[in-house]
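What follows is one structure encoded as structure tokens, with my remarks underneath.
The values are calculated or read from the model by the stated rules, or taken from the named source; none is laboratory data. Since the structure is predicted, the reported quantities are computational estimates derived from the model, not experimental observations. We place every Cβ from the backbone using ideal geometry, glycine too, and count neighbours over all the protein chains shown.
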Amino acid sequence: MDEVVVERVLRIVELVPASRVVAYGTVGAVAECSPRYVGRVMKEFGSNVTWWRVVNAAGVLPEALFPRARELWADEGTEHSHDKVSRSAFLAVDELDELWRTHGIDPECG
């Protein structure tokens, strides 16, 4: 895996505000990689970041992660049902891109 892209993905995930989520594809659009690549990064390195804020486009996480994610969503006030995050909790690509442009530090730049 490309270390710079991995670091970029993880930094972008950390910018997602509490009570909000993003889809793998949204992170990928901002990090300039595919949604599958974001999923691989999260699987291998995501345990040290706010992983519960990254879901698939339907608002779902892998079943093994759901019990803990539900607790964290409830703690943060993230709107969700028993099986997925509500659409109203999703950040759009332009919102995440703005957070990255204003608060992110690209690993290529230091």
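Structure data summary
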| item | result |
| --- | --- |
| Residue check, VAL9 part of a helix (DSSP H, G or I) and touching a Phe, Trp or Tyr at 6+ places or on another chain (Cβ under 6 Å) | no |
| Residues of the range 75-110 satisfying the condition of being among the β-branched types (Val, Ile, Thr) and part of a helix (DSSP H, G or I) | VAL93, THR102 |
| Test: THR102 is crowded, with 16+ Cβ neighbours inside 10 Å and of a type in the set (Val, Ile, Thr) | no |
| Among residues of the range 49-70, those that are among the basic types (Lys, Arg) and either over 9 Å from the mean Cα position of the chain (by Cα) or farther than 15 Å from GLY39 by Cα (or both), counted | 2 |
| Some residue of the range 83-91 being modelled with pLDDT under 95, more than 15 Å from VAL13 (Cα to Cα) and surrounded by fewer than 17 Cβ atoms within 10 Å (Cβ to Cβ) | yes |
| Failed criterion for ARG70 (all others in (1) crowded, with 16+ Cβ neighbours inside 10 Å; (2) out of contact with any His (no Cβ under 9 Å at 6 or more places or on another chain) hold) | (2) |
| Out of LEU65, LEU61, sole residue that is assigned to a helix (DSSP H, G or I) and free of Cβ contacts under 8 Å to residues at least 40 places away in the same chain | LEU65 |
| Qualifying residue in the range 24-34 (condition: among the small types (Gly, Ala, Ser), under 26 Å from THR102 (Cα atoms) and in contact with a strand residue (DSSP E or B) (Cβ under 7 Å, 6 or more places away or on another chain)) | no |
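Residue-by-condition table, conditions (1) more than 23 Å from TRP73 (Cβ to Cβ); (2) surrounded by fewer than 22 Cβ atoms within 10 Å (Cβ to Cβ); (3) in contact with a Cys (Cβ under 9 Å, 6 or more places away or on another chain):
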site: GLU3; (1), (2), (3): yes, yes, no
site: GLU7; (1), (2), (3): yes, yes, no
site: ILE12; (1), (2), (3): no, no, no
site: ALA18; (1), (2), (3): no, yes, no
site: THR26; (1), (2), (3): no, no, no
site: GLU32; (1), (2), (3): yes, yes, no
site: ARG36; (1), (2), (3): yes, yes, no
